[in-house]
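Written below as structure tokens is the structure these notes are about.
The values are calculated or read from the model by the stated rules, or taken from the named source; none is laboratory data. Please read all numbers here as calculations on a predicted model, not as lab measurements. The area values use the complete protein model at the heavy-atom level, side chains included, leaving out ligands, DNA and RNA. Shrake-Rupley method; radii C 1.70, N 1.55, O 1.52, S 1.80 Å.
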Amino acid sequence: MSQFVYEKTYGASPGEGMVYDLEALINSYNGEQSVGCVKIRREHGRIAIAAFTLLMRRLHEGHRQSGELVVVDASSGMDKYDCRVSLISTHSVAGGLPFGC
């Protein structure tokens, strides 16, 4: 019973059910934004997700320096599912700005 309540509230546990729920959530989010902000791809048994927020999109379109230098922060940690998050940023006079994830 508690597993059913958990999955109804938070989605499926790790495995194919989780991936299916994640794909549905991504499709719903992209539909709300009317732009493909998040992409998911499976290859060789691994899953890659690329996120591009509306702020990141504005930086890409209007921040001239974003075409000159991009930094990939690959020093991210891992969670219990061996997931890694790498932030892509660009420079500005105010410091680093998020450019992709």
Determine the share of the range 23-72's accessible area contributed by carbon and sulfur atoms, expressed in whole percent, with a 1.4 angstrom probe. 54 percent
Which residues' amide hydrogens lie under 5 Å from the amide hydrogen of Gly100, considering only partners 5 or more residues apart or on another chain, with H built in the peptide plane? Ile88
